[in-house]
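First comes the structure, then the notes that go with it.
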């Protein structure tokens with residue numbers, strides 16, 4: 001059995017992996033960026049090592065993370081999800097360094113990381129795929145000819161993309177060139193490859209995925225399906241299992257196809273095959289070669305610890321159960337509690353969580369790294385917590401979800417909780433008739449119209465007065481004595497306790513109990529906008545992706561002038577005034593802070 005595992009991640013998934021390691025008696029090593037020093041995963045791990053460099057990039061620093069893994073003398077690395085979890089080069093570097101990568105083989109990660117390669121592999125295995133190309137596309141004219149062949153709308157997708165990143169929907173010929181350039185740009189930025197391909201775009205399918213797990217001895221099983229259709233901008237808001245109103249014959253074919261596809265890859269570790277379902281037909285979408293954000297709902301209905309099993313099979317063990325051993329019980333729903341404002345088009349809301357109180361209920365599970373005083377940083381995604389509820393039936397799970405969401409108390413930042421409550425009240429959702437478009441096409445507009453009065457002021461969330469705290473699981477925040485210190489030696493951080501009966505000055509380091517790293521940089525709550533003064537300033541930290549104008553250009557009101565990225569979301573910047581660009585203070589690729597001046601537009 002592994003003795004020590006480094007977790008190459010942060011936040012709630014790092015906390016989740018620590019829980020599994022504790023159960024298995026494995027020591028854990030946390031890594032952290034400077035702003036993450038007081039994060040929960042750092043306090044829970046047996047060792048913690050600081051990453052040097054820009055906070056937005058350090059969790060992607062292959063060489064530094066591998067160097068720490070060697071210095072910490074770990075047996076294995078668990079990548080969690082995101083960051084390096086689907087990076088075949090990092091997986092190979094771990095193996096070359098004598099460290100086990102907890103995931104499938106680097107070759108499988110590489111093949112499935114390319115949507116083109118994945119399509120080819122699934123076609124060969126007899127798994128249905130959406131009509132489209134199996135070769136990369138670079139020429140807008142070829143895209144237009146393919147659109148004529150398949151019919152609009154079409155999707156231009158970054159070959160290495162995922163989670164909606166690098167995906168552009170094209171509905172007419174005029175949109176092709178901009179969409180192609182944007183998909184290539186996002187693919188290069190997020191995944192290091194500008195390779196894209198084209199496929200027919202299904203306008204209103206369901207997004208249903210199958211959880212699989214395999215071992216290194218040729219065994220592969222499924223753990224049922226999850227419906228992930230409730231999403232906006234291709235980012236999921238809630239997931240549930242089993243999928244409602246999915247015919248048993250379709251379900252059986254879907255599950256069988258997923259196992260067949262995974263087995264054809266000789267897949268080992270936890271993974272997910274995603275499908276688009278339209279009527280009685282389904283089409284392969286992609287393989288996620290890692291643990292999914294929404295894995296807890298599968299654990300709730302099967303009683304199977306996916307992360308623990310993932311570690312065990314990485315250590316060479318056979319799967320602990322066969323397909324016939326898997327039993328499904330009840331219905332589970334997961335809510336992704338994000339720091340986003342639904343009334344402002346789900347705009348990220350970085351800042352400090354001043355109040356944080358979780359619902360403590362017998363059928364609720366919380367996976368989170370959040371706590372009172374938690375700093376939501378602009379460098380990473382906006383996930384605060386995952387709220388998982390279980391019921392004997394879907395109807396019971398929905399009712400329990402409403403109770404749990406209403407009992408959740410989070411103040412200081414906007415969250416998605418009010419919108420998720422609206423989803424649970426939606427007639428289409430209650431009837432199990434969702435598709436991937438219904439949230440954006442119907443619910444968002446209705447939600448904003450109903451809450452129009454709230455737009456004039458800060459969003460307030462309906463909460464109960466129940467003084468609940470932690471759910472009693474591993475993620476409760478550990479208390480620290482005021483005489484506890486941290487000493488850093490060659491990036492490794494050691495905890496030192498000092499006892500002194502005489503009065504002593506207060507430690508200069510921030511208290512781990514508060515968990516705050518306050519800074520003006522992370523307190524902004526709005527996206528990038530142009531002001532009436534002609535100055536175009538940021539209102540949160542982020543990255544200048546592209547400048548679309550130059551000094552001397554004339555611009556009109558509402559013209560797109562730049563592309564900005566904040567909290568993993570790409571934002572288009574439009575002018576609020578007409579005039580001439582007289583000054584540009586940044587260049588593409590610059591990382592800027594809140595209130596930074598991007599450019600000045602003077603009156604003509």
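Observations
- Compactness of the stretch 300-397 as Cα Rg over 2.2 N^0.38 Å, two decimals: 1.39
- Potential lengthening between residue 120 and residue 326 on full extension [0.36 nm per residue; Cα-Cα distance subtracted]: 71.1 nm
- FRET efficiency for residue 428 and residue 392, using Cβ-Cβ distance with R0 set to 30 Å, rounded to 0.05: 0.85
- Rel. contact order, % - alpha carbon contacts under 8 angstrom, at least six apart, the stretch 206-456: 21
- Spin-label model distance (nm) - residue 548 vs residue 22, 7 Å beyond Cα toward Cβ: 4.9
- Highest average packing first - 100-111, 168-179, Cβ atoms within 10 Å: 100-111, 168-179
- Along each principal axis, Cα extent of the stretch 4-102, largest first, Å: 33, 29, 23
- Fraction of alpha-carbon pairs over 12 Å apart in the stretch 282-340 - percent: 75
- Take every pair of alpha-carbon atoms less than 8 Å apart whose residues are at least six positions apart; their mean separation over the length of the chain yields a relative contact order of 11 percent.
- Fully extended contour minus Cα-Cα distance, from residue 595 to residue 70, at 0.36 nm per residue: 184.9 nm
- FRET efficiency estimate (nearest 0.05) - Cβ-Cβ, residue 95 to residue 492, R0 35 angstrom: 0.90
- Chain lengthening between residue 588 and residue 446 when straightened (0.36 nm per residue, less Cα-Cα): 47.4 nm
- Computed over the stretch 131-200, Kirkwood Rh from alpha-carbon pairs, angstrom: 11.4
- Max-minus-min Cα coordinates of the chain on each principal axis give 71, 62, 51 Å, with the largest extent listed first.
- Translational diffusion of the stretch 206-456, µm² s⁻¹ [Kirkwood Rh, Cα pairs; Stokes-Einstein; 10 °C; 1.306 mPa s]: 84
Each value in this text was obtained by applying a stated rule to the coordinates, not by laboratory testing. Model, not experiment: these values are computed from the prediction. Counting neighbours? That spans all protein chains shown, and the Cβs are built from the backbone with ideal geometry, glycine included.
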